[in-house]
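Once you've had a glance at the structure underneath, I'll fire off some questions.
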Amino acid sequence: MPANNLLLSSSPHVFTPVTTRKIMLAVIIALLPATGYGIYLYGLTALLLVLATVAAAVAAELLFRAAIKAPRTVGDLSAVVTGLLLALVLPPSTPIWMAVLGAVFAIVVAKEFFGGLGANPFNPALVGRAFLLMSFPAAMTTWNKPFSAIADAVTTATPLNLVKQGASLAEVAKSVGAADSGGLYWQLFVGSRSGSLGESSILLICLGAAFLLAVGVIQWIIPVAVLGSTALFSWLFGMNPLFSLLSGGVVFGAFFMATDYASSPLTPVGKAIYGVGIGLLVALIRKLGGFPEGVTYAILVMNMLSPFLDKLRVKKYGWIPPKKSAAKEAVK
Amino acid sequence: MKRLWKIFKQGIINENPLLMLMIGLCSALAVTTSVSNGVGMGLAMTFVLLFSEIIISLFRKVIPSSARMPIFIIVIAAFTTIIDLVMKAYFPELSKSMGVFIPLIVVNCIIMGRVEAFASKEKVVDCVADALGMGLGYTWVLVGIAALRELLGNGTLAGVQVMPASFQPILFFILPPGGFLVFALFISLNIWLKGRMQKAEAKSAAKAEEVAA
């Protein structure tokens with residue numbers, strides 16, 4: 001009968017309403033509490049830093065893709081996320097031009113050179129941070145006291161810096177103004193300690209992460225693996241596991257950096273080993289390495305290994321294992 | 001003459017030893033932290049390459065195939081020693097800043113590769129053209145990479161402060177990762193140049209056909 005009732009088209013036939021843009025928007029929303037708190041702690045210069053980094057990342061992607069005559073993909077907001085993540089892991093006193101340079105490097109070298117969104121083997125924001133740390137070691141290791149204007153900045157040591165220099169937990173507690181170790185943990189959890197822009201309030205980071213878990217943008221495997229193994233290996237190396245979790249950028253890295261789709265493994269087994277590896281490396285670098293904080297390099301090294309982790313337990317889609325009774329019949 | 005020019009041209013872009021053949025990379029990445037080092041290394045390598053190719057091409061019919069490797073090494077080592085002593089005598093600071101990389105020219109894959117692939121089979125005149133072409137290709141890449149790395153990583157060019165005093169050097173470029181990155185940029189530059197040259201040659205070939213027809 002009338003064949004024009006049938007609409008013929010080729011696959012795909014099932015569409016999801018979840019676009020890249022929506023995923024990136026969810027991540028931006030999740031990052032806003034921590035960003036807001038960072039601006040509250042460090043003032044207007046912090047706001048300028050965030051805006052400049054984001055603008056530089058977007059501009060870099062726009063201009064580079066126009067230069068190589070590739071289709072424009074700025075609308076999927078991934079450059080905004082990269083810029084925001086980079087701004088949140090920088091010290092608040094970073095000069096604007098340095099952050100701009102880092103953002104351009106992150107987008108152009110770590111993302112566009114490899115083929116754009118989804119093709120990056122390394123987390124672009126962390127590559128940008130590693131580039132800045134390597135190029136400007138002095139500026140990248142200057143930390144400010146919260147609530148002091150950046151212009152007349154009082155540089156200070158972060159809790160991890162103090163531990164690296166051999167301070168005891170009691171001294172660290174005094175530096176953040178806490179009375180005892182319980183107070184120290186609460187201070188570290190709620191915020192108002194020196195560090196990079198976004199790492200200060202673990203509470204707000206967890207809030208944002210809970211939102212992302214609720215909407216399904218990230219899965220629980222990687223963060224749980226990272227945090228669990230950081231605590232375990234810190235305890236094995238003789239460091240206080242709770243302090244290790246609450247200081248530095250482990251929580252931020254576990255929820256927002258390690259879960260980057262393109263640079264982390266796909267399979268659950270791969271994800272778990274990836275998370276455990278990150279925790280092990282963080283504990284190793286903190287204990288034995290030269291840097292006081294090791295999350296950047298831990299995540300970058302495990303990014304390098306993710307393609308191989310994917311191959312560990314390959315799931316053959318559609319493969320039905322043979323029933324044991326049928327096999328016995330065949331043997332008979 | 002045209003044949004010699006063709007052989008000479010090969011080594012500069014089309015078959016650039018560093019960017020296309022990708023041999024001899026270790027010295028290229030290690031000494032390109034300053035332009036003077038790059039120029040010195042390029043010229044020293046060209047000298048050794050040129051005279052090694054000449055000698056081995058002169059003796060190519062006499063060298064037995066089974067013993068060719070040790071003989072090549074001896075010839076190359078002789079000229080490396082010559083250039084090493086000359087540099088120590090007349091350019092002592094340069095020699096000291098390049099350190100162990102001058103004696104390491106002996107094992108530079110470019111020299112071994114060209115001697116094995118070209119000098120042991122071709123006439124002396126062709127070998128001169130090949131050595132000069134390869135040497136020039138090596139030197140321009142070295143100077144280019146060194147210029148970029150020294151300019152951005154140190155603010156100087158050949159020791160002369162070029163960038164303004166307020167410029168903060170980007171240490172990334174002086175360190176190994178920067179070396180690899182700049183090298184990768186040069187590879188893509190070379191491929192682009194090669195594509196442009198091939199397009200130009202295709203155009204001129206098409207035009208020549210039109211004129212002939």
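Values quoted throughout were computed directly from the atomic coordinates according to the rules given, and no laboratory measurement underlies them. Values in this document were obtained by computation on a predicted structure and should not be read as measured data. FYI the Cβ positions are ideal-geometry reconstructions off the backbone, even for glycines, and counts take in every protein chain you see.
Tell me which lysines have Cα within less than 25 Å of B:LYS194's Cα, excluding those fewer than 8 residues away on the same chain?
Output for B:LYS194: A:LYS69, B:LYS2, B:LYS6, B:LYS9, B:LYS203, B:LYS207.
How high is the relative contact order of region A:219-313, given as a whole-number percent (alpha carbon pairs under 8 Å, six or more residues apart)?
It rounds to 36 percent for region A:219-313.
Something else about it: Excluding residues fewer than 8 places away in the same chain, name every one of the lysines whose C-alpha is closer than 23 Å to that of B:LYS61.
Qualifying lysines at Cα under 23 Å: B:LYS121, B:LYS123.
What's the exposure ranking of B:THR80, A:THR16, going from fewest to most Cβ atoms within 10 Å?
Going from sparsest to densest Cβ surroundings: A:THR16, B:THR80.
Now for a different question. By how many degrees, between 0 and 90 and to the nearest 10, does the Cα long axis of helix A:124-135 differ from the longest principal axis of chain A?
40
Would you mind telling me which residue in B:VAL48, B:VAL100, B:VAL128 has the biggest mean-square fluctuation in a Gaussian network model of chain B, where springs connect alpha carbons within a distance under 10 angstrom?
Looking only at B:VAL48, B:VAL100, B:VAL128, the biggest GNM fluctuation is shown by B:VAL100.
Looking at the square roots a ≥ b ≥ c of the eigenvalues of the Cα gyration tensor of chain B, which shape do they give, rounded for a/c under 1.5, prolate if a/b is larger than b/c, or oblate?
Taking the square roots of the gyration eigenvalues as a ≥ b ≥ c, chain B is oblate.
Per residue of chain A, what 222 nm ellipticity follows from adding -39500 (n - 2.57) for every DSSP H run with n ≥ 4, rounded to the nearest 500?
Mean residue ellipticity at 222 nm (helix-derived): -18000 deg cm²/dmol.
Net charge within 12 Å of B:ILE110 by Cβ-Cβ distance, Lys/Arg positive one each and Asp/Glu negative one each, not counting B:ILE110 itself?
Summing Lys and Arg as +1 and Asp and Glu as -1 gives -3.
With a ≥ b ≥ c taken as the square roots of the eigenvalues of the C-alpha gyration tensor of chain A, please select rounded if a/c is under 1.5 and otherwise prolate if a/b is larger than b/c or oblate if it is not?
Because a/c hits 1.5 or more and a/b fails to exceed b/c, chain A counts as oblate.
If you don't mind, another one. In a shell of Cβ-Cβ distance under 13 Å around A:THR230, excluding A:THR230 itself, what net charge do Lys and Arg (+1) and Asp and Glu (-1) give?
It works out to a net charge of +1.
Ok, one more. Which residues does a label at A:LEU203 reach in region A:23-61, if reach means a backbone N under 16 Å from a point 7 Å past the Cα toward the Cβ?
Within reach of a label on A:LEU203: A:33-41.
Continuing with this model, one more query. Report the residue, chosen from A:VAL295, A:VAL58, A:VAL269, that carries the largest GNM mean-square fluctuation when chain A is represented by alpha-carbon nodes joined by springs under 10 Å.
Checking each option, the largest mean-square fluctuation is seen for A:VAL269.
Given contacts defined as C-alpha pairs under 8 Å and at least six residues apart, what's the relative contact order of region B:28-184, whole-number percent?
Dividing the mean separation by the residue count of region B:28-184 yields 36 percent.
If you take each beta carbon of peptide B:163-171 and count the beta carbons of other chains within 10 angstrom, what is the mean?
3
What does the structure give for A:134-142 when I average, per residue, the other chain Cβ atoms found within 10 Å of the residue Cβ?
Per-residue shielding by partner chains comes out at 3.
Hydropathy first: keep DSSP H helices in chain B averaging at least -1.0 on Kyte-Doolittle, then drop any whose Cα extent along the axis falls short of 18 Å, and list what survives.
Taking the DSSP H segments of chain B (at least 18 Å long, mean hydropathy at least -1.0), we get B:35-58, B:68-90, B:124-154, B:176-212.
Hey, in the GNM for chain B with a 10 angstrom Cα cutoff, which one of B:ILE82, B:ILE174, B:ILE105 fluctuates hardest?
B:ILE82
Another question, if that's okay. Grab the other residues whose beta carbon is less than 13 angstrom from that of A:VAL74, score K and R as +1, D and E as -1, and report the net.
Charge balance near A:VAL74 sits at +1.
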